[in-house]
Amino acid sequence: MSILRVILGDQLTDSISSLEGCDKTRDTILMSEVVEEATFIPHHKKKLTFIFSAMRHFSLELKNQGFNVVYNKLNDPNNSGSLTGEILRLIKNYSFEKILITSPSEFRVLQEIELLGEKIEIPLEILRDSRYFVNIHDFKKWSENKKQLRMENFYRDQRKKNFILMNGFNPIGGQWNFDSYNRKSFDFESKIPQPFINPPDEITNEVMKMVSDTFPEHFGDIEPFNFAVNRSQALEAFKLFIDNRLFYFGDFQDAMVQGEPWMFHSHISFYLNIGLLLPKECVSEAEKAYFEGKAPLNSVEGFIRQVLGWREFIRGIYWLKMPEYLENNFFEASRNLPQMYWTGETKMNCLSQCINETKENAYAHHIQRLMVLGNFALIAGIDPKQVNNWFYVVYADAYEWVELPNVSGMILFADGGLVSSKPYASTGSYINKMSNYCESCEYKVAIKNGSDACPFNYLYWDFLQRNREKLSSNFRMSMMYKTYDRMDSAKKQNIRDDSEKFLNSLGN
Ligand SMILES: Cc1cc2nc3c(=O)[nH]c(=O)nc-3n(C[C@H](O)[C@H](O)[C@H](O)COP(=O)(O)OP(=O)(O)OC[C@H]3O[C@@H](n4cnc5c(N)ncnc54)[C@H](O)[C@@H]3O)c2cc1C
Ligand code: SF4
């Protein structure tokens, strides 16, 4: 008898565990575009286009290799609209000895699959996803008996375990982390290279039309569409990063420049998360670039720390803490997400830039997400569920396993300090130091209070003051509270008044 092998939309690699040992003459592979996954939250139109197009390209590659693939398009008249519905539809008409599926990356989908397994008579086996450096059981073991879970410790262990950038037992260069070298503001003399450009082919064009016809209300622009949609294109996009951008990745990792959404970043998160690229190959190519003298250590270590350290750590936290993690709200923040996050219409130039670029590209780089969009959501006290929803909708790389700990943990401190040791809150001066956004802003970053003042300047202190009870015992915040306490009472009152006026003006 044959085996049914189910491949999900973010499992697009022929090294996925559910394909291991596949018998081309007998087994069937099922891939389905389903409206339930496209609409349980209204994903950015470019994200949907990317995922469906990459799925179609991958299914064709499998067919060309001689696999027997059943591919159900979203607009097939018989499509049931849900993943489990599509599995049930197929097993009704064919007899399979068992069903194999690689463990879904999201808790919600895993629950659905487990429930299906209880309902049907055919055995359903859920296999480990072997694409990561660390499996979730090992992460759990690593986390046991630790007072605090810190990415830096996890990352060092992984460097040693996988022998990456190591010199015997020591890190190459004599230190584990070169982050302090990676905070240069942009010098405007280095030229920012063109990002990867891949005009839509016939398949992508068909998907673009389907997505714009079916989901006209969803956020975001479909065009221009330049993402890689198959593995060879994704490899090309990654090579472009290694050859043209990795050299400066470290230096300008935190820099933001008006009208330059891509900077020296790799733009591979969407390819990694969907399976077109594998984390191990990306880390090893970056390490090779260092050994070949193509890029300096601060860049290569910085990039490797993101993929081997942050990405794996974030995934570990997700599976360790779900589903309770969804409910975290340490500061009891309750303000509605301001409409400007959807329209980009605001006098705050930094926010307007980052939101409009997000709308156009379904991408913003890390510092835009962290220090502009996230920082504002944190200090304005926006409800974590609404902030999570926004970040989940708008980015082409957003899957709950990676979006949720970054938003609730890294930017909102909603988990009370599990992911970060202190909130990433700042005044406008950090944004001014790392970008040229303030030069074209209607607000003045140097002014601290009043109608012309940069809102980050007073909202930051107001946030500290509002949450004093919860934060003052955090020793990393004590300096800031000392500074606040030295302010005179008129200044403190101005901070409160300006914040209240500004937050009321958001119309929520
Ligand atoms: C509020 C917020 C929300 C985020 N949401 C997502 C998300 O939904 N999906 C997502 O993949 N990343 C998310 N990130 C992490 C990071 O911002 C993106 O991975 C990165 O911006 C993608 O661009 P890049 O490929 O050019 O990354 P680069 O800057 O070139 O970094 C290289 C790679 O490292 C990995 N990486 C770096 N930082 C992180 C991190 N904190 N967590 C996980 N992986 C990381 C990514 O795979 C990335 O492709 C979020 C970060 C923040 C602050
Ligand atoms: S002045 Fe303030 S609001 Fe304007 S761009 Fe700078 S940081 Fe943003």
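Overview of results
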item	result
Filter result for PHE413 (in contact with a Pro (Cβ under 7 Å, 6 or more places away or on another chain) and away from ligand 2 (no atom under 16 Å from the Cβ))	yes
Within the range 339-360, tally of residues that are within 16 Å of ligand 1 (Cβ to nearest atom) and more than 29 Å from CYS282 (Cα to Cα)	4
Helices (runs of 4 or more DSSP H) contained in the range 268-363 and holding at least 3 residues charged (D, E, K, R)	279-291, 312-321, 349-361
Some residue of the range 323-341 being surrounded by fewer than 17 Cβ atoms within 10 Å (Cβ to Cβ), within 26 Å of LEU471 (Cβ to Cβ) and touching a Pro at 6+ places or on another chain (Cβ under 7 Å)	yes
Flag for PHE58 being farther than 27 Å from ASN389 by Cβ, crowded, with 21+ Cβ neighbours inside 10 Å and touching a residue at least 40 places away in the same chain (Cβ under 8 Å)	yes
Lone qualifier among GLU97, GLU106, GLU112 - being assigned by TED's automatic domain parsing to the domain that holds PHE40 and within 30 Å of VAL300 (Cα to Cα)	GLU106
Residue in the range 196-206 that is in contact (Cβ under 8 Å) with a residue 12 or more places away in the chain, surrounded by 15 or more Cβ atoms within 10 Å (Cβ to Cβ), within 12 Å of ligand 1 (Cβ to nearest atom) and not aromatic (Phe, Trp, Tyr) present	no
The range 483-508 - residue that is outside any helix (DSSP H, G or I) and free of Cβ contacts under 8 Å to residues at least 40 places away in the same chain and, of those, nearest to LEU378 (Cα to Cα)	MET487
Failed condition for ALA380, given (1) within 15 Å of ligand 1 (Cβ to nearest atom); (2) under 18 Å from the mean Cα position of the chain (by Cα)	(2)
Residue tally, condition surrounded by fewer than 17 Cβ atoms within 10 Å (Cβ to Cβ) and either in contact (Cβ under 8 Å) with a residue 12 or more places away in the chain or assigned to a helix (DSSP H, G or I) (or both), over the range 163-176	2
Any hit, the range 307-314, residues being in contact with a Cys (Cβ under 9 Å, 6 or more places away or on another chain), within 15 Å of ligand 1 (Cβ to nearest atom) and aliphatic (A, V, I, L, M)	yes
Verdict on VAL372 being within 14 Å of ligand 2 (Cβ to nearest atom), of a type in the set (Val, Ile, Thr) and assigned by TED's automatic domain parsing to the domain that holds ALA490	yes
Number of the condition not met by LYS147 [criteria: (1) charged (D, E, K, R); (2) modelled with pLDDT of 95 or more; (3) surrounded by fewer than 18 Cβ atoms within 10 Å (Cβ to Cβ); (4) farther than 30 Å from ASN349 by Cβ]	(2)
Selection from the range 331-353 of residues that are free of Cβ contacts under 8 Å to residues at least 60 places away in the same chain and closer than 24 Å to PHE225 by Cα	TYR341, THR343, GLY344, GLU345, LEU351, SER352
All positions within the range 347-376 that are within 22 Å of PHE270 (Cβ to Cβ) and aliphatic (A, V, I, L, M)	ILE355, ALA362, ALA364, ILE367, LEU370, MET371, VAL372, LEU373
Selection count, the range 402-416, where residues are more than 8 Å from ligand 1 (Cβ to nearest atom) and closer than 13 Å to TRP310 by Cβ	1
Matching residues in the range 93-112 - criterion: being farther than 21 Å from LEU404 by Cα and either in contact with a helix residue (DSSP H, G or I) (Cβ under 9 Å, 6 or more places away or on another chain) or assigned to a strand (DSSP E or B) (or both)	PHE96, GLU97, LYS98, ILE99, LEU100, ILE101, THR102
Pairs with Cβ under 7 Å, 6+ apart, first in the range 1-24 and within 15 Å of VAL69 (Cα to Cα), second of a type in the set (Phe, Trp, Tyr)	SER2/PHE96; ILE3/PHE96; LEU4/PHE96; LEU12/PHE58; CYS22/PHE67; LYS24/PHE67
Options VAL283, VAL229: the member that is modelled with pLDDT of 95 or more and touching a Leu at 6+ places or on another chain (Cβ under 6 Å)	VAL283
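Here is a yes/no grid of residues against (1) more than 22 Å from SER472 (Cβ to Cβ); (2) in contact (Cβ under 8 Å) with a residue 40 or more places away in the chain; (3) within 7 Å of ligand 2 (Cβ to nearest atom):
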site	(1), (2), (3)
GLY417	no, yes, no
PRO423	no, yes, no
SER429	yes, no, no
ASN432	yes, no, yes
SER435	yes, yes, no
CYS438	yes, yes, yes
LYS444	yes, no, yes
ILE447	yes, no, no
PRO455	yes, yes, yes
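The values are calculated or read from the model by the stated rules, or taken from the named source; none is laboratory data. These numbers were taken from a predicted model, which means no experiment stands behind them. Cβ atoms come from the backbone with ideal geometry, glycine included; neighbour counts cover every protein chain shown.
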